[in-house]
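> Just passing along the structure, written as structure tokens.
What follows draws every value from the coordinates through simple rules; no lab data is involved. Note that this is a predicted model, so its numbers are computed, not measured. Counting neighbours? That spans all protein chains shown, and the Cβs are built from the backbone with ideal geometry, glycine included.
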Amino acid sequence: MTETDLTTLFTKTRAQNNLSDRQLKVLQASLTLFAKVGYDRASTTDIAQLAGVSEGTVFSRFKTKEQLLRAILTPFIDQVLPLAADEFLEQLQMENLPHFVDFITFITHDRMSFVMKNRGEFKIFVQEMGRNPELLQMLTQRLNTLINSRLSELLMAYQDKGELVKWAPMRISRYITSVLLGYLLPNVLMSDEPLDIEAQTQEVVEFLLRGLHA
């Protein structure tokens, strides 16, 4: 299972974003507080305190809290989430899952675990994407190309075995994604309770197998 959390991936992109150590600390503190208490309740004073810098340092690069949010969301959409998806797809290809039921079980359990591990961060993204649909469109475009290029061969192998409906790989990927989101979004936005990942995985797999079986 892929264990990398989004904050770790965010740190890995620092060189690409040309951030100083202090600026990175400010953004990491902002991400932590936005995820923990919400964007509206996180103050720049709290952000500065958590980052171990003065409030003036926060405003020297980011003039408003809105700019802080944008400075987090932009690299996440451009780099962090595509990087997380790429790492997951590499792991998926290395798993050597012989049957489609193994494939869909691995995907469901792994992605549910990943989202729940990063629940606070995903809550920020989902709420902001609801206010700004263009962010969702940008992310979808980036991920669609990545997913289609990496999953097509795997899915066609299951089709050749007679285990998977003869649909275009992107159509199958969208079907799987929509079902997973249907289970995950209510738990990300409307609940802080732990998700029974084992039970939810079983339900999702059962449903998807009925819909996607050849």
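> Using Cβ counts within 10 Å as a stand-in for footprinting exposure, how do D192, D110 rank, fewest first?
Values: D192 9, D110 19.
Least crowded to most crowded, the residues run D192, D110.
> Please label the shape of the range 114-159 as rounded, prolate or oblate, based on the square roots a ≥ b ≥ c of the eigenvalues of the alpha-carbon gyration tensor (a/c under 1.5 means rounded; beyond that, a/b larger than b/c means prolate, else oblate).
Working: a/c = 4.06, a/b = 1.79, b/c = 2.27.
Oblate, because a/c is 1.5 or more while a/b does not exceed b/c.
> Can you give me the Kirkwood hydrodynamic radius for the range 1-119, using every pair of distinct Cα atoms, in Å to one decimal?
Numbers: mean 1/r = 0.0635 Å⁻¹.
Taking every pair of different Cα atoms in the range 1-119, averaging 1/r and inverting gives 15.7 Å.
> What is the P(r) of the chain, as percent of Cα-Cα pairs per 10 Å bin from 0?
With a bin width of 10 Å, the distribution comes to 7, 31, 33, 18, 8, 2, 0.
> Moving on. Using label points projected 7 Å from each Cα along Cα→Cβ, tell me how many nm separate D78 and S149, to one decimal.
With each label point 7 Å from Cα toward Cβ, the separation is 1.8 nm.
> Could you list K12, K65 in order of exposure, starting from the residue whose Cβ has the fewest other Cβ atoms within 10 Å? Don't jump to the answer; show the numbers that get you there.
Working: K12 13, K65 18.
The order, fewest Cβ neighbours first, is K12, K65.
> Let me ask something else about it. Once you charge only the Cβ atoms, +1 for Lys and Arg and -1 for Asp and Glu, what is the size of the charge dipole of the range 6-212 about its Cα centre, to the nearest 20 debye? The partial results should precede the final answer.
Working: 22 positive and 24 negative charges, 155 e Å.
Rounded to the nearest 20 debye, it is 740 debye.
> Just need the relative contact order of the range 6-212 here, percent rounded to a whole number, with Cα pairs under 8 Å and 6+ apart. Before the final figure, lay out each step's value.
Values: 150 pairs, mean separation 49.2, N = 207.
Over the range 6-212, the number comes to 24 percent.
> What whole-number value in cubic angstrom gives the convex hull volume per residue for the C-alpha atoms of the range 71-167?
Values: hull volume 10.2 nm³, N = 97.
Considering the Cα atoms of the range 71-167, their hull volume per residue is 106 Å³.
> Now, a different point. Run the simple label-point estimate for E95 and T11 please: 7 Å along Cα→C-beta, distance reported in nm.
Once both label points are built, they end up 2.7 nm from each other.
> Please determine, in degrees from 0 to 90 and to the nearest 10, the orientation of helix 133-160 with respect to the longest principal axis defined by the Cα atoms of the chain, where the helix direction is its Cα long axis.
Once rounded, one gets 30 degrees.
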